[in-house]
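Report on one structure; see the data block that follows.
The values are calculated or read from the model by the stated rules, or taken from the named source; none is laboratory data. Here the structure is a predicted model, which is why all the values come from computation and not from measurement. In this analysis, Cβ positions are derived from the backbone assuming ideal geometry, glycine residues included, and neighbour counts consider all displayed protein chains.
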Amino acid sequence: MSKNQAIVKFDATKKEQNLRTTFGRPAWHGDQRDRNYAIAWSLIHFLLQQSSGMYALRDVIQQAEKNFCKPFSAAEALNQAYPEGIERLEKDWRQWLLNACTEKSSV
């Protein structure tokens, strides 16, 4: 399955699939591994498309480094780092995904 196929299987309109969902190691590496990877890839790619996303990603990475080997919530770090919080990030990212899928299907 390619990354694009996996992204398509992630329904960007379903609110129950969200950025606050946490995955344990078995779930992350389970039968949905390709989909999980594609979702993570698309989120990072989205963040790198704009300066506010790059700064938010930088802040999350710095917090992860600061909390090395300590409990750490990437979702909470994103909530603090992204302008208007994680709900806004989720809305912007989902819209970006929908636009990307629309552009691909119209080509």
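Figures for the structure shown
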item: Segment 41-73, residues that are farther than 15 Å from W96 by Cβ and surrounded by 16 or more Cβ atoms within 10 Å (Cβ to Cβ); result: V60, Q63
item: Number of positions in segment 1-59 that are of a type outside the set (S, T, N, Q) and at pLDDT below 75; result: 17
item: Tally, over segment 80-89, of residues that are surrounded by 17 or more Cβ atoms within 10 Å (Cβ to Cβ) and without any contact (Cβ under 8 Å) to a residue 60 or more places away in the chain; result: 2
item: Only one of A77, A100 that is part of a helix (DSSP H, G or I), at pLDDT 90 or above and surrounded by 15 or more Cβ atoms within 10 Å (Cβ to Cβ); result: A77
item: Per-region count, segment 46-74, residues part of a loop (DSSP other than H, G, I, E, B) and not aliphatic (A, V, I, L, M); result: 9
